[in-house]
1. Residue check, residue 73 against (1) surrounded by 17 or more Cβ atoms within 10 Å (Cβ to Cβ); (2) in a loop (DSSP other than H, G, I, E, B), all met but one. Which one?
2. Residue by residue through the stretch 79-104, note down the ones that are surrounded by fewer than 18 Cβ atoms within 10 Å (Cβ to Cβ) and touching a helix residue (DSSP H, G or I) at 6+ places or on another chain (Cβ under 7 Å).
3. List pairs: first in the stretch 83-95 and on the phi < 0 side of the Ramachandran plot and touching a residue at least 12 places away in the same chain (Cβ under 8 Å), second in a helix (DSSP H, G or I) and surrounded by 11 or more Cβ atoms within 10 Å (Cβ to Cβ), Cβ under 8 Å, 6+ apart or cross-chain?
4. Just the residues that are under 21 Å from residue 108 (Cβ atoms) and touching a strand residue (DSSP E or B) at 6+ places or on another chain (Cβ under 9 Å), please, taken from the stretch 1-36.
5. Please give the number of the condition residue 136 fails out of (1) surrounded by fewer than 20 Cβ atoms within 10 Å (Cβ to Cβ); (2) in contact (Cβ under 8 Å) with a residue 60 or more places away in the chain; (3) touching a strand residue (DSSP E or B) at 6+ places or on another chain (Cβ under 6 Å).
6. Filter the stretch 105-131 down to residues that are out of contact with any helix residue (DSSP H, G or I) (no Cβ under 6 Å at 6 or more places or on another chain), surrounded by fewer than 22 Cβ atoms within 10 Å (Cβ to Cβ) and within 14 Å of residue 60 (Cβ to Cβ) and give me whichever is modelled with the lowest pLDDT.
7. Tally the residues that are farther than 20 Å from residue 7 by Cα and touching a helix residue (DSSP H, G or I) at 6+ places or on another chain (Cβ under 8 Å), restricting the search to the stretch 146-164.
């Protein structure tokens, strides 16, 4: 696996949603690196990718309340266990569960295994609230998919927090899990 700088030279075999991510990052002047790989559906499958990225690799979870009226994208370190009860208390939403894939597609234009904070660029009506575990901010770099799970990106956490999220009009809620 090789860490490459910027978008692929040839995007003809890439999905439109992936190209939109590169266009967005390039427009903002964000420096990013990329590694292309086989389909990675789980955190276990990402272990080798993580070594190449050398970044805080996030576990991204799309959660919702019981009524499917409130949606949350949670970014947390990939090696950290998730307990619904801990999060529910912090955000004042009981009975959190994993949102169905239809909501991932409808709101973020993402399919399971490809969930990413960059999917928020597709949520024009702000249906999904962003939650970030404070441990994500401990490193210099962060890693996640460009809305497709056959590539992974590495960029500076500072750029995510100070450039990307403001460009998306997003203010995250910080949680401690």
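The values are calculated or read from the model by the stated rules, or taken from the named source; none is laboratory data. Everything numeric in this text was worked out from a predicted model, so none of it was measured. Note that each Cβ is placed from the backbone with ideal geometry, even for glycine, and that neighbours are counted across all protein chains shown.
1. All conditions pass for residue 73, except number (2).
2. Those that are surrounded by fewer than 18 Cβ atoms within 10 Å (Cβ to Cβ) and touching a helix residue (DSSP H, G or I) at 6+ places or on another chain (Cβ under 7 Å): 80, 94.
3. So the pair list comes out as 94/88.
4. 7, 14, 18, 21, 22, 25, 30, 32, 34
5. The one condition residue 136 does not meet is (1).
6. Taking the candidates together, the pick is 113.
7. Qualifying residue count, the stretch 146-164: 1.
For every residue, the table says whether it meets (1) over 12 Å from residue 155 (Cα atoms); (2) surrounded by 12 or more Cβ atoms within 10 Å (Cβ to Cβ); (3) modelled with pLDDT of 90 or more; (4) more than 17 Å from the chain's Cα centre (by Cα).
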site: 1; (1), (2), (3), (4): yes, yes, no, yes
site: 6; (1), (2), (3), (4): no, yes, yes, yes
site: 11; (1), (2), (3), (4): yes, yes, no, yes
site: 19; (1), (2), (3), (4): yes, yes, yes, no
site: 27; (1), (2), (3), (4): yes, no, yes, yes
site: 42; (1), (2), (3), (4): yes, no, no, no
site: 48; (1), (2), (3), (4): yes, yes, no, yes
